Every structure is written in C-alpha cells, then in structure tokens.
Amino acid sequence: MNKNILVTGGLGYIGSHTCVELISAGYTPIILDDLSNCKESVHARIQTITQKNNIPFVRGDVCNRNLLDNIFSEYKPLAVMHFAGSKAVGESIQKPLLYYRNNLETTLSLLETMQNYNVKSFIFSSSATVYGEDNTPPLVEDMKTGSVTNPYGRTKYMIEEILKDLHIAEKDWSITILRYFNPVGADASAMIGEDPNGVPNNLMPYIAKVASGELSELKIFGNDYNTADGTGIRDYIHVTDLAKGHVAALEKKGEESGLHIYNLGTGNGLSVMEVLKSYQETSGVTIPYIITGRRDGDLAASYACADKARQELGWSAKKNIHDMTLDSWNWIKSGNS
Ligand code: WQD
C-alpha cells in the first residue's frame, strides 16, 4: 500500500529530521528540495540513519509546476508536508519581495497541484512568530494572530490565512498548521543537524560555533528585559521531538477533514543565560559573551501552551535542554556539518 508523503524542503533542518521519523513510522518520504539552504549529502545520511535505501529525492523548485505534475503522477502522495521556504527574519527585512515571492508562490503552486491530483491532506510548517507581539505567553492556538514584526513572519501569517480560506471553500481538505517554537539540537546519530549557511542568526547554532572556536564570542541581545535574569525567554524544542510531532499530526489528523492548528513547543520557557549555562555544562567549554543592546523585533518572552497537541495528537516533547545542547554539541564535534 502506498505510504508516500511528499516532503518539500526535505533535506533541510526540520524536513530531514521529519523524514527520519516518517521512515521510522513506516512512511516513504518523497523528498523535493532545491538545495538552496542544505547539502545533497543529507539524503544519503537519512538513508544511513534509517537503514532504508531508495528514498526518492527530486532536486527542484516547488514553483516548477511541470515538476510537481511529474512528482504527483509518479508517486501519488497520500499527503504533503511543506517545509520549503525562506526563513531568516533579518534577511526577510532586507529582501521582502524574495520572501513574499518564494514563500507564497511555492505554497500556492503546491496547493493548486494538490487540487488537480485530488490530494487533500496538507501539513504546513508555520511558526510561533504569527502570535506577534500582542499576545502574552503561554501562547494558545485560538489567540489572535497577525501582529507580526517582519516579512518572514508575515508570510507565515498570510499562508495560514490562505489555508483558512481554503478550508472554508473546500471542506474535504485535511489542513494542519503546526506552529513551531524554537527548534534546536540534532539527531542523536549526529549525522544530520542544523547547518545554516553563513553566520547563524539563531541563538543555539551561534553558541555552537563559539563553542567550536569558529566564532569568538556570543553577543547577548539585551539583559534588561522584564525576566528573571533580564535575558530573553523562548520555548526551545528538540528537533526530533518536533519531527515526531509531524508524524503524530499525520497519523491523527491526516485523514480527518477540517482545519487543525497546533503549537509544537515544550510549554517551558528558558532564558538565554540558561541555554548558555546548559551548553557550557554539556560541551565542557566556557562560552565567552558580551551584553549588547536589544535586537529589533525581539520579544521578552515567547513560549507555548502545549496542551492541545498533547490532548488531540497524543504528542508532547520529551527531551530537555540538556539533551538539546548535548545533541547540538555532538553534531558540531562530528564534523558532519
Ligand atoms: C532566541 C533568543 C534573542 C541570537 C527566531 C525566528 C522565529 C523562529 C525561531 C522560524 C532571543 C537571543 C539570539 C544571538 C542572542 N524561526 N539571541 N544572541 O528570535 O526567538 O526566533 O527563530 O520560524 O521565526 O524569529 O530565536 O534564536 O534568534 O533568539 O542573545 O546571537 O536568543 O534575543 O532572546 P527567535 P533566536
């Protein structure tokens, strides 16, 4: 029986870890990736981790309609998981047109092709950033979204609105929106992990490069927030927990028509200093840092209410910050990045 799942961006950070969990759950990911922000070697590593060969990989752009037609004709996917997209907040402020074109056009191309091939199960990689700055954590799925402070976040918000309108127009779709908090860490094998091009924007990959000696010191963006130690609080979630959340969503809601929205977070907020302390403990490396001014657009605190995914998907995050920093450090030490 066909258990093909089309995974766009399937060689990227979240996508690759989700492919590992899909295979472990008995599915066959059909990986589509343009390799704009990842390496083709991740494909072989997914197969090595899972001991499954012949996992289809198609190099290409999700906007290429002919390519999508060929993929849907050949593989007849049961569902689509859509990870492909541009995701750097800072870059989106510099290049808004690129972000609107890429993130919106890929999604619309995909949804129209799904319509044409009567594939009506869609899982979308969204982000807690859609909660914007007007909501007070713990963040709950039915809170008002949209007060977003950057083009990247606005593309996620706009796509959620597109999906809500599609649900209203075509009730037979199963549409699941997964709002990620802060994905960190790496597969326990240390064969895949976060491998951003250039200098990382996000906290943990930046700390990792300081720990490895590639960068000299961490800049902590402000310690004057209204938090216990003055530094920003976020809900860090191990990427493997996040990946398992996608499989849970597919299995519990993938065949249930309707619009399903879930936070994928731990429900636990940690400060920059707490993350730094954990990284020092697991790596055994002292991380030099300086305190600088706040980063534009940053919130003091953002963390999930994780109840709905636990109640409806039977999923919750299992790994703690020690696991996250240890797996991140093992990935950096592995030399596989
Ligand atoms: C975390 C904390 C910073 C870097 C971003 C995106 C969001 C999502 C996750 C995709 C904050 C502080 C960071 C550094 C620091 N991505 N920090 N020095 O901003 O919560 O969310 O990534 O969906 O959309 O906005 O994550 O890791 O950048 O920052 O002090 O060099 O670490 O101020 O408090 P963020 P982050």
Unique match (being β-branched (Val, Ile, Thr) and touching a strand residue (DSSP E or B) at 6+ places or on another chain (Cβ under 6 Å)) among 7, 42, 20
7
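Results for (1) crowded, with 21+ Cβ neighbours inside 10 Å; (2) in contact (Cβ under 8 Å) with a residue 40 or more places away in the chain; (3) touching a strand residue (DSSP E or B) at 6+ places or on another chain (Cβ under 9 Å), shown as yes or no for each residue.
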residue	(1), (2), (3)
279	yes, yes, no
291	no, yes, yes
305	no, yes, yes
311	no, no, no
Is one or more of the residues making up segment 211-227 under 30 Å from residue 114 (Cα atoms), more than 13 Å from the ligand (Cβ to nearest atom), touching a residue at least 40 places away in the same chain (Cβ under 8 Å) and small (Gly, Ala, Ser)?
no
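If a residue counts only when it is surrounded by fewer than 18 Cβ atoms within 10 Å (Cβ to Cβ) and not small (Gly, Ala, Ser), which strands (runs of 3 or more DSSP E) contained entirely in segment 130-222 have at least 1 such residues?
Numbers: elements: 174-180, 182-184, 218-221.
The strands (runs of 3 or more DSSP E) meeting that bar are 218-221.
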Condition first: surrounded by fewer than 23 Cβ atoms within 10 Å (Cβ to Cβ) and not polar (S, T, N, Q). Now tell me which residues in segment 223-232 satisfy that.
224, 225, 228, 229, 230
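Please state which one of 149, 136, 145 is touching a residue at least 60 places away in the same chain (Cβ under 8 Å), over 23 Å from residue 1 (Cα atoms) and either within 16 Å of the ligand (Cβ to nearest atom) or of a type in the set (Val, Ile, Thr) (or both). First the steps, then the outcome.
Details: 136 fails: touching a residue at least 60 places away in the same chain (Cβ under 8 Å); 145 fails: touching a residue at least 60 places away in the same chain (Cβ under 8 Å).
Of 149, 136, 145, the one residue that is touching a residue at least 60 places away in the same chain (Cβ under 8 Å), over 23 Å from residue 1 (Cα atoms) and either within 16 Å of the ligand (Cβ to nearest atom) or of a type in the set (Val, Ile, Thr) (or both) is 149.
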Among the residues of segment 118-129 satisfying the criterion of being outside any loop (DSSP other than H, G, I, E, B) and in contact with a strand residue (DSSP E or B) (Cβ under 7 Å, 6 or more places away or on another chain), which is farthest from the ligand (Cβ to nearest atom)?
121
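Specify which of the listed residues (321, 287) is surrounded by 21 or more Cβ atoms within 10 Å (Cβ to Cβ) and within 16 Å of the ligand (Cβ to nearest atom). First the steps, then the outcome.
Details: 287 fails: surrounded by 21 or more Cβ atoms within 10 Å (Cβ to Cβ).
Just a single option satisfies the conditions, and that option is 321.
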If you go through 103, 2, 37, 53, the only one that is part of a loop (DSSP other than H, G, I, E, B), on the phi < 0 side of the Ramachandran plot and within 19 Å of the chain's Cα centre (by Cα) is 37
Please verify whether residue 240 is part of a loop (DSSP other than H, G, I, E, B), of a type in the set (Val, Ile, Thr) and under 21 Å from residue 123 (Cα atoms), treating the condition exactly as stated.
no
Looking only at segment 294-310, decide whether some residue is modelled with pLDDT of 95 or more, over 14 Å from residue 182 (Cβ atoms) and within 16 Å of the ligand (Cβ to nearest atom).
yes
Only one of these conditions is not met by residue 202: (1) more than 8 Å from the ligand (Cβ to nearest atom); (2) closer than 30 Å to residue 6 by Cβ. Which number is it?
(1)
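Look through 259, 299, 326 and report the one residue that is surrounded by fewer than 22 Cβ atoms within 10 Å (Cβ to Cβ) and part of a loop (DSSP other than H, G, I, E, B).
Working: 259 fails: part of a loop (DSSP other than H, G, I, E, B); 326 fails: part of a loop (DSSP other than H, G, I, E, B).
Exactly one residue qualifies, and that residue is 299.
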Among the numbered criteria (1) more than 17 Å from residue 278 (Cα to Cα); (2) within 18 Å of the chain's Cα centre (by Cα); (3) near the ligand (Cβ under 10 Å from one of its atoms), which single criterion is violated by residue 240?
(3)
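The values are calculated or read from the model by the stated rules, or taken from the named source; none is laboratory data. Computed from a predicted model, the values in this text were never measured in an experiment. Glycine gets a Cβ as well: all are built from the backbone with ideal geometry, and neighbour counts include every protein chain shown.
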